[in-house]
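Everything on this sheet refers to the single structure shown next.
No lab work stands behind these numbers, since they all come straight from the coordinates. Here the structure is a predicted model, which means the values were calculated and not measured. So basically every Cβ, Gly included, is an ideal-geometry build from the backbone, and we count neighbours across all protein chains shown.
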Amino acid sequence: MHHSVELTDVHVRLGHVAVLSGINIEARPCELISVVGANGAGKTTLLKVVNGILKPSQGRITVLGYNLSQYKNLNFLRRDIGVVPQRSNSIRFPIRVEEAVLMGRYGKIGLMRRPRKEDWDKAFEIMEAVGIRQFCKKLVHELSGGEQQKVALARALAQEPLILLLDEPTTYLDSSAQSEIMETIHTLHHQRELTTLLVSHDSHLVEQYSDKIYLLREGKSCLVK
Amino acid sequence: MSWTQILNFPFMQHALIAILFAGIAFPMIGVFILSLNLIPLRFAMMHVALLGGAIGLFLKVDPLLLGLLFCILSSMALGPVSEKMRLGVGILSGYFMTLTLALAFILIYKADIHVLEAFNILWGNILSLTILDLIIVGLISLMILIMVFLFFKEIQAILYDREIALAVGLPEKLFYYLIIFMLGLTIAVSMRLIGALLIDAFVLLPAMAATFISRSLKQTFFFSSLFGLLSGMAGLYLSFVFDIPTSSTIILVASLIIAGCFLFRKGVSRREKVR
């Protein structure tokens, strides 16, 4: 069985700054891996490398058996990778919750095609599972931080991904909302047999949910659990 | 005075046709500008056109043609160059804007070009449109409408969040460059046809008004087109009746619509708070 995600001696430079210098991480299918580290440790960069947005200066990245350096266009692979960014850039964009979740299907629907009934059904099924079905007609920016995070999670899951990447999913949330979102992630990770890679600065919060934990410090990774 | 009387004049017929096209389609470009924060690009295009015009006058080539060519080429280049340099299009537009203006002034001074002649490229007049002008406005309007209709979901994802558009597996860069190209093309062509001042009336103001009251991107496009059409037609009519400049009247009407939409939103949110 190949690893769902495997990073071997990965180095990343942004300009003259070495952000990651010798990262070794492996996530097997259905594992929930957490990468913890302080702010500025390179956690978001790490996720961008896994998603093929940033290219490493050195090292090998394999995702679902594909060596990323061999592909110029990774859109085919991104359709199998759900991403929950730290926070959406669009604070006041007029979009209803149901539309934002349906967006997760856009890559699979194909260019110039309208969403079909099964795409809507999938979006509503995910909203139900994540617990935001009752907000489906509300605008995303009208929701609380925790609810918005659930919308982002639902959108990523609507892709029906094999891999889920989560960038600080609990930032900006109060402690009860943090636990609630982590519980939701954990449950859906098992139900949908996902390989989940989560980055967080809060090692205590993610510990009980993680199969493995890597610590990211000074651009290097080490397995701590 | 009725519309029938006004439309006895051929120049008013042309203006009305231009408003029907531009009023519906150009505000959609305004929605792109506001959502992607591309306002500097609009100014950059004006200055690029000025440089093209100045070079055209220097080389004794049609300044309008060269201005348009410069705008089209720079709108094609801006997206990829900003990506390569890891700079936002807004920042790069600021660079282009100042650089091209400086170059244009040097050329105007050194080549002894009449300043007003060079600036002519920026001032169009909606009341002096030819059939060819109308065809160009019509074609660009159609291109915008077709793009929005065919690629609505891709555009929605990019305007919402480019990172998410990329993450769900859309060719995000391709569509972003297409949006920038259409924006440059619209501004470049319409600058000469309807004037730099009127571009804002058609492109930005209706889109601004629509963002105050819309609850979805479809509504934003719909209301921006509706307001573009309304302000254009009302402005044209009133300017004729009261004998005042058309561009300014259209802008006044559009500004009133913005104020109305803002008050409407205030009222709605106050009612929601009371509930």
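Quickly estimate the mean residue ellipticity at 222 nm for the protein assembly as shown, helices only: each DSSP H run with n ≥ 4 gives -39500 (n - 2.57), and the total goes over all residues, rounded to 500.
Working: 22 runs with 304 residues, N = 500.
The helix-only estimate for the protein assembly as shown comes to -19500 deg cm²/dmol at 222 nm.
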- prompt: Could you give P(r) for chain A, binned at 10 Å from zero, as whole percent values over all Cα-Cα pairs?
  reply: 8, 34, 36, 19, 3
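Express the Stokes-Einstein translational diffusion coefficient of segment B:119-275 in µm² s⁻¹, to the nearest whole number, given a Kirkwood radius over alpha-carbon pairs, 37 °C and a viscosity of 0.692 mPa s. Could you put the intermediate results ahead of the total?
Numbers: Rh = 17.2 Å.
The Stokes-Einstein estimate is 190 µm²/s.
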Alpha-carbon centroid distance for the pair segment B:217-275 / segment B:36-67, whole angstrom: 30 Å
- request: Work the Kirkwood hydrodynamic radius out for segment A:81-160: mean of 1/r over every pair of different alpha-carbon atoms, inverted, in Å.
  value: 12.4 Å
task: Compare the Cα positions of B:Tyr237, B:Ile250, B:Val268 along the charge dipole of segment B:226-275 (+1 at Cβ of Lys, Arg; -1 at Cβ of Asp, Glu; about the Cα centre) and return the one farthest towards the positive end.
output: B:Val268
- prompt: Are any of the pairs B:Lys153/B:Lys173; A:Lys108/A:Lys212; A:Lys48/B:Lys84 more than 20 Å apart by Cα-Cα distance, and if so, which?
  reply: A:Lys108/A:Lys212
field: Assigned charges on the beta-carbon of Lys, Arg, Asp, Glu; the protein assembly as shown dipole about Cα centre (debye)
entry: 220 debye
field: Under 5 Å, built H, 5+ apart or other chain: amide partners of B:Leu87
entry: none
query: Along the positive direction of the dipole of chain B (beta-carbon charges: Lys, Arg +1; Asp, Glu -1; about the Cα centre), which of B:Ala15, B:Leu150, B:Gly67 reaches farthest?
result: B:Leu150
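Computed FRET efficiency, Cβ-Cβ of A:Arg92 and B:Lys60, R0 51 Å: what is it to the nearest 0.05?
Numbers: r = 50 Å, r/R0 = 0.98.
FRET efficiency, A:Arg92 to B:Lys60: 0.55.
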message: Could you check the spin-label model distance between B:Arg215 and B:Gln13? Points 7 Å from the Cα along Cα→Cβ, value in nm.
response: 4.4 nm
message: Just to verify a number: FRET efficiency for B:Tyr109 and B:Lys173, C-beta to C-beta distance, R0 = 45 Å, to 0.05?
response: 0.70
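Give, rounded to the nearest 20 debye, the magnitude of the charge dipole that segment B:67-161 has about its Cα centre when Lys and Arg contribute +1 at Cβ and Asp and Glu contribute -1 at Cβ. All intermediate terms of the calculation are to be shown ahead of the outcome.
Numbers: 4 positive and 6 negative charges, 43 e Å.
Charge dipole of segment B:67-161: 200 debye, to the nearest 20.
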query: By how many nm would the segment from A:Gln58 to A:Arg116 grow when fully extended, if each residue of separation counts as 0.36 nm and the alpha-carbon distance is taken off?
result: 16.7 nm
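For segment B:5-101, which trypsin sites (Lys or Arg not before Pro) are in a loop by DSSP, counting at most 13 other Cβ atoms within 10 Å? If you can, show how the numbers build up before the last one.
Numbers: sites: B:Arg42, B:Lys60, B:Lys84, B:Arg86; in loops: B:Lys60, B:Arg86.
Within segment B:5-101, the qualifying trypsin sites (Lys or Arg not before Pro) (loop, at most 13 other Cβ atoms within 10 Å) are B:Lys60, B:Arg86.
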- line: Computed about the Cα centre, the charge dipole of segment A:81-160 from +1 Lys/Arg and -1 Asp/Glu charges at the Cβ has a magnitude in debye, to the nearest 20, of 240 debye
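At R0 = 25 Å, how high is the FRET efficiency between A:Ala18 and A:Ser69 if r is their beta carbon distance? Nearest 0.05 is fine.
On the way: r = 19 Å, r/R0 = 0.75.
Computed FRET efficiency for A:Ala18 and A:Ser69 comes out at 0.85.
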statement: Expected max-MSF residue from B:Ser74, B:Ser231, B:Ser216 in the GNM of chain B (alpha carbon, under 10 Å) is B:Ser216
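Could you state the orientation-averaged shadow area of the convex hull built on the Cα atoms of the protein assembly as shown, in nm² to one decimal?
Working: hull surface 109.7 nm².
Quarter of the Cα hull surface area: 27.4 nm².
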- prompt: Hey, how many Å between the Cα centroid of segment A:5-35 and the Cα centroid of segment B:135-189?
  reply: 35 Å
- prompt: segment A:12-139: percent of C-alpha pairs farther apart than 21 Å?
  reply: 55 percent
message: Normalised by the empirical 2.2 N^0.38 Å for globular proteins, what value does the Cα Rg of segment B:13-54 take?
response: 1.47
J(HN,Hα) series, segment A:161-175, from Karplus relation 6.51 cos²θ - 1.76 cosθ + 1.60, nearest Hz, glycine and proline x: x, 8, 10, 10, 10, 10, 9, 6, x, 10, 5, 6, 10, 6, 5
query: In nm, to one decimal, how far is the A:Thr171 label point from the B:Ile244 one, both placed 7 Å along Cα→Cβ?
result: 5.0 nm
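Length gain on complete extension for the stretch A:Gln134 to A:Lys220, per 0.36 nm per residue less the alpha carbon to alpha carbon distance?
On the way: separation 86, 0.36 × 86 = 30.96 nm, distance 4.32 nm.
Full extension from A:Gln134 to A:Lys220 adds 26.6 nm.
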- prompt: For segment B:3-267, with equal point scatterers placed on the C-alpha atoms only and solvent neglected, what are the log10 I(q)/I(0) values from the Debye formula at q = 0.10 1/Å, to two decimals?
  reply: -0.51
message: With unit charges on the beta carbons (Lys and Arg positive, Asp and Glu negative) and the dipole taken about the Cα centre of chain A, which residue among A:Gln148, A:Met112, A:Pro29 sits farthest to the positive side?
response: A:Met112
